[in-house]
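Data block below; observations after.
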Amino acid sequence: MTPAAWTSLFTAPLAGADPAIADLIEQQRRDNAAAVNLVASESYCPRATLEAEACVLINKNASGYPPRVSFAGGEIMDAIERLAIERAKTLFGAEHANVQSLSSTIANVAVLRGLLRPGERILAFDRAAGGHSSHGGRSHVSGQDYVVESFGVDAQTGMVDYDAAHAHARSFRPRMIVAGSSAYPRRIDFDRLHAIAQDVGALLFADIAHVAGLIIAGLHPNPTPCADVVTTSTHKTFCGPRTGGLILCQSRHAQAIDAALAPGLQAAPGGHIIAARAVLFERVTRPPFRLLMQNVVDGAAALARGIERGGVPLFAGGTDTHMVVADLRRSEWAEAEVNAHLARHGILGNTTTLPGRPGDRSRLGLRLGSTPMSIRGLPAAGFEALGAAVAALLRGRPGTVDAGIERASQALAREHPIPFD
Ligand SMILES: *Cc1c(COP(=O)(O)O)cnc(C)c1O
């Protein structure tokens, strides 16, 4: 058979088909390898998950949940999705799992739409203290469709003020309490929030996007047994690909949440991302994952030590997780300067907004995390030295260059390559 006139459209490899995009991908690959990555929301996914995600399943269009009786060939999608669901339930001890959401922000919207009516009340962990925009942020649909008030941290200690949250819940009478951290480096006590929710007759929604990997490794309490619903992304301490959200819930909420996600928000989910998730859910049950997560926690503690000994204060006084937040509220730094100054020295992190206090110059914080460099094999002692270097940079001035730190981070990145790329 002679090929059709358009066959080469489909067979040309990327480098030849689109050199501009191929070059940019290659540039990102080089940048990833050359930098010391302290971005708290990043990781490097296992090769097996990348292979599952970049595969022929991407061509399969099959909406609905197993069993997909309305799609020819849906049995394979069903088999993949059933494996993903069973593995997710086992990982967290959940009664029900939904593995289809295209991101954990979308998962959160599905949870709210499944369990609440528009206009109902939510008490959410304050964004300024490290909560997430999808927990009722003004610019997010969750803040527009519901009546949202927030609980936060003690102004002096930076620790969650559970007594204040309880009093607030008693007067506000929310239908749901939502908590999860994007930039709060301490544990959130979900058992305590569960007791508060019980007292006021509210549902409890725990968003473990950042700490899921620590929970799997037994290094952080698991809220799944007490919360009505739990969501997570797959790419933070979970160490999976960027495309993914996971919903875990009690059986009694399963139907409402499943329907709110699909067909409520999404149609066909894409078999490739479900397959990649299934692979991830198996990878993280292996004993080396626990060792990795221990290194992540030890690494963050060492990073915190290095920063503090270097003379820069820490938000909430330290860390219980993979995350460290340097408190720059009394410093002279402007947000854009901090990221640029670190990047100029080969170190990647990102700025965040902290609660305002009287006497502060700003609300600036610097969020760092230990997951990517732990995957690359950096031990705790290395993190402490890195913390000292970050502190030295933060005590310096914008626009100056410390050639010693620049060389040291280049060497560190070289000595700790990404396991595969
Ligand atoms: C990162 C994060 C999300 C969003 O995850 P995406 O997969 O990027 O949508 C949701 N909640 C919390 C607490 C997060 O930190």
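The values are calculated or read from the model by the stated rules, or taken from the named source; none is laboratory data. As the structure is a computational prediction, the values presented were derived from the model and not from experiment. Cβ atoms come from the backbone with ideal geometry, glycine included; neighbour counts cover every protein chain shown. Areas reflect the complete protein model, heavy atoms only, side chains present, ligands, DNA and RNA absent. Shrake-Rupley method; radii C 1.70, N 1.55, O 1.52, S 1.80 Å.
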>> For the stretch 267-295, which positions are outside any helix (DSSP H, G or I), surrounded by 16 or more Cβ atoms within 10 Å (Cβ to Cβ) and modelled with pLDDT of 95 or more?
In response: 284
> Going through the stretch 37-52 one residue at a time, which ones are more than 15 Å from residue 279 (Cβ to Cβ) and assigned to a loop (DSSP other than H, G, I, E, B)?
Replying inline: 38, 39, 40, 41, 42
>> Restricting to the stretch 147-165, name every residue that is more than 16 Å from the ligand (Cβ to nearest atom) and touching a strand residue (DSSP E or B) at 6+ places or on another chain (Cβ under 9 Å).
In response: 147, 149, 154, 158, 159, 161, 162, 164, 165
>> It is to be established whether one or more residues within the stretch 177-187 are open to solvent by 60 Å² or more (accessible area, probe 1.4 Å) and either within 15 Å of the ligand (Cβ to nearest atom) or in a helix (DSSP H, G or I) (or both).
In response: yes
> When residues of the stretch 221-234 are filtered for being open to solvent by less than 30 Å² (accessible area, probe 1.4 Å), more than 16 Å from the ligand (Cβ to nearest atom) and either touching a residue at least 60 places away in the same chain (Cβ under 8 Å) or outside the structural domain of residue 88 (by TED's automatic domain parsing) (or both), how many remain?
Replying inline: 1
> Looking only at residues in the stretch 128-165 that are among the hydroxyl-bearing types (Ser, Thr, Tyr) and open to solvent by 50 Å² or more (accessible area, probe 1.4 Å), which one is nearest to residue 115 (Cα to Cα)?
Replying inline: 150
> Any idea how many residues of the stretch 241-259 are open to solvent by 10 Å² or more (accessible area, probe 1.4 Å) and either assigned to a helix (DSSP H, G or I) or not assigned by TED's automatic domain parsing to the domain that holds residue 206 (or both)?
Replying inline: 8
> From the list 226, 249, 239, which residue is at positive phi and of a type outside the set (S, T, N, Q)?
Replying inline: 239
>> Of everything in the stretch 144-172, what is touching a residue at least 40 places away in the same chain (Cβ under 8 Å) and over 18 Å from residue 190 (Cα atoms)? Give them in sequence order.
In response: 155, 157, 172
> Are there any pairs, at least 6 apart or on different chains, whose C-beta atoms fall under 9 Å, with the first in the stretch 103-132 and over 20 Å from residue 190 (Cβ atoms) and in the same structural domain as residue 264 (by TED's automatic domain parsing) and the second within 12 Å of the ligand (Cβ to nearest atom) and charged (D, E, K, R), and if so, which?
Replying inline: 103/242
>> Of everything in the stretch 35-74, what is within 25 Å of the chain's Cα centre (by Cα) and open to solvent by 60 Å² or more (accessible area, probe 1.4 Å)? Give them in sequence order.
In response: 42, 47, 50, 51, 54, 58
> Does residue 240 satisfy the condition of being under 30 Å from residue 157 (Cβ atoms) and touching a residue at least 40 places away in the same chain (Cβ under 8 Å)?
Replying inline: no
> Can we say residue 237 is modelled with pLDDT of 95 or more, open to solvent by less than 20 Å² (accessible area, probe 1.4 Å) and away from the ligand (no atom under 14 Å from the Cβ)?
Replying inline: no
> Among the listed residues 103, 41, which satisfies the condition of being under 20 Å from residue 283 (Cβ atoms), polar (S, T, N, Q) and within 16 Å of the ligand (Cβ to nearest atom)?
Replying inline: 41
> When you go through (1) under 17 Å from residue 224 (Cβ atoms); (2) in contact with a strand residue (DSSP E or B) (Cβ under 6 Å, 6 or more places away or on another chain); (3) not small (Gly, Ala, Ser) one by one for residue 90, which number turns out not to apply?
Replying inline: (2)
